[in-house]
Amino acid sequence: MIDIPDELIATQYAYNGAAGRAFVAALPGLAGRFLEEWGLRRDGAAMYGMCALVLPVVREADGVPAALKLQLVDEETVGEPVALRAWGAAGAGAVGVLGHDPGTGALLLERLDEGRPLSGVAGGGDIPGGSRLVGEVADARRAVTVLGEVLARLAAVPAPEGLRTLGDAVERMLAAAPEAVGRLADEEERRLLADCAAAVREVAGEPGDRLLHWDLHYDNILAGRADAGRAGEWVALDPKPLAGDPGFELFPALDNLFDAGEVVWRFDALTEALGMERDRGRARAWTLGRVLQNAVWAVGDGERELAPDHAEIARRLLGVR
């Protein structure tokens with residue numbers, strides 16, 4: 001029997017409605033099917049995020065540890081196996097794909113060390129191949145530096161054909177921007193969001209063609225396992241891939257583990273890692289695009305104010321030239 005975590009049920013019901021309810025109802029059967037078809041044995045407690053159930057497993061034929069990922073396939077997740085295989089072929093530092101069922105979206109992935117996310121380094125955790133850092137800011141900056149290194153490897157890979165594109169996303173967000181601005185209750189926030197939209201318009205004609213992760217925050221990078229030949233490596237997982245400009249990738253690392261005083265330092269470190277330090281204006285514009293994108297979604301859900309952290313990121317970056 002597979003116990004479905006209450007938190008996963010709640011998020012699926014809240015965000016995906018009837019499709020989410022159908023997905024939750026099908027999960028036990030899906031898990032049983034792929035445990036049998038792929039010759040897998042359960043090897044630990046189930047894990048979950050907002051959209052997926054992940055079962056630690058062992059492949060019975062060869063004893064290889066793996067992770068069975070079951071998720072509702074939508075426009076954000078449909079490209080995950082394509083992106084992971086492209087990064088794998090390039091040796092770019094993403095989790096490996098051991099199996100994929102196109103009909104359900106089920107994935108059998110390389111097992112990483114789920115107990116060692118990069119967020120643990122930001123909180124003073126041990127660094128694979130290194131030692132514990134001293135001081136909260138030093139720890140967080142080390143995590144940002146590692147994330148920048150991972151991001152640079154991922155963004156060096158051209159996007160395969162057929163993925164959703166930043167160009168399409170920009171077209172939609174700019175079309176929705178005037179209404180989103182008008183619905184905000186605070187005048188200063190209306191000006192702030194309008195400035196974000198203006199910055200995006202300046203770069204909208206060149207949306208880029210790199211393979212983007214879109215959600216590269218500190219809990220989406222885990223330490224590799226020695227038994228998979230990944231000792232000392234940091235490995236990215238859970239992409240919501242699209243084709244676009246690497247500058248659109250910076251926002252999660254600014255917002256996750258938010259620290260207002262570190263926004264500009266993190267932005268500078270990440271643009272340097274990506275080789276964008278001479279084109280910070282473009283990186284800034286695309287990061288403000290993430291503020292705009294989130295605001296458009298929030299206003300569509302009935303919100304009338306910007307998320308405080310998002311507003312502060314925009315304020316800080318609008319001062320960057």
Q: Using amide H atoms built 1.01 Å from N in the peptide plane, name the residues 5+ places from H100, or on other chains, whose amide H lies under 5 Å from its own.
A: L108
Q.
For the chain, what does the helix formula give at 222 nm: sum of -39500 (n - 2.57) over DSSP H segments with n ≥ 4, over the residue count, nearest 500 deg cm²/dmol?
A. -15500 deg cm²/dmol
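Please give the direction-averaged projected area of the C-alpha convex hull for region 160-258, in square nanometres with one decimal. Write down the numbers at each step before the final one.
Values: hull surface 33.4 nm².
So the Cα hull casts an average projection of 8.4 nm².
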Q.
If you count only protein heavy atoms with a 1.4 Å probe, what accessible area per residue comes out for the chain, rounded to a whole Å²?
A. 45 Å²
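Assign one of three labels to region 40-100, namely rounded, prolate or oblate, based on the Cα gyration tensor with a ≥ b ≥ c the square roots of its eigenvalues; rounded applies when a/c is under 1.5, prolate when it is not and a/b is larger than b/c, and oblate otherwise. Don't skip to the end; give the middle numbers.
Working: a/c = 2.31, a/b = 1.21, b/c = 1.92.
Cα axes put region 40-100 in the oblate bin.
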Q | Sites A89 and E188 - FRET efficiency at Förster radius 35 Å, r taken between beta-carbons, to 0.05 | A | 0.15
Q. Along region 251-259, what does the Karplus equation 6.51 cos²θ - 1.76 cosθ + 1.60 (θ = phi - 60°) give for ³J(HN,Hα), rounded to whole Hz, x for Gly and Pro?
A. 4, x, 6, 8, 7, 5, 6, 4, 8
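Scan the chain and note any complete DSSP helix (H) whose C-alpha atoms cover at least 20 Å along its axis and whose Kyte-Doolittle average is -1.0 or more. All intermediate terms of the calculation are to be shown ahead of the outcome.
Values: long enough: 6-37 (31 Å, 0.23); 136-155 (28 Å, 0.61); 166-183 (24 Å, 0.28); 187-203 (25 Å, -0.31); 280-300 (30 Å, -0.06).
Once both thresholds are applied, what remains is 6-37, 136-155, 166-183, 187-203, 280-300.
Normalising by the residue count of the chain, find the relative contact order in percent from Cα pairs under 8 Å and 6+ residues apart. Let's see the in-between values first.
Values: 540 pairs, mean separation 51.7, N = 321.
Relative contact order here is 16 percent.
Can you give me the convex hull volume of the Cα atoms of region 171-321, divided per residue and expressed in Å³? Don't skip to the end; give the middle numbers.
Numbers: hull volume 18.5 nm³, N = 151.
It comes to 122 Å³ per residue, whole-number rounded.
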Q: Compute the Cα gyration tensor for region 26-166, then decide on rounded, prolate or oblate, letting a ≥ b ≥ c be the square roots of its eigenvalues: rounded whenever a/c is under 1.5, prolate when a/b is larger than b/c in the other cases, and oblate in all that remain.
A: oblate
Q: Please report how far the C-alpha centroid of region 90-123 lies from that of region 167-196, rounded to the nearest whole angstrom.
A: 35 Å
**Q.** Volume in Å³ per residue [convex hull over Cα atoms, computed for the chain]
**A.** 136 Å³
Q) Under a 5 Å amide H to amide H cut-off, with H placed in plane at 1.01 Å, what residues pair with T165 once short-range neighbours are removed? A) A243
**Q.** Label point 7 Å beyond Cα of E206 along Cβ direction - residues of region 233-250 with amide nitrogen under 13 Å
**A.** 245-247
Q | Carbon and sulfur %, accessible surface of the chain computed with the full protein complex present, 1.4 Å | A | 50 percent
Q | Under 5 Å, built H, 5+ apart or other chain: amide partners of R116 | A | A223
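The values are calculated or read from the model by the stated rules, or taken from the named source; none is laboratory data. This structure is a prediction, so every number in the text was calculated from the model and none was measured. Note that we place each Cβ from the backbone using ideal geometry, even for glycine, and neighbour counts take in every protein chain shown. Only protein heavy atoms, including side chains, enter the accessible area calculation; ligands, DNA and RNA are left aside. Shrake-Rupley method; radii C 1.70, N 1.55, O 1.52, S 1.80 Å.
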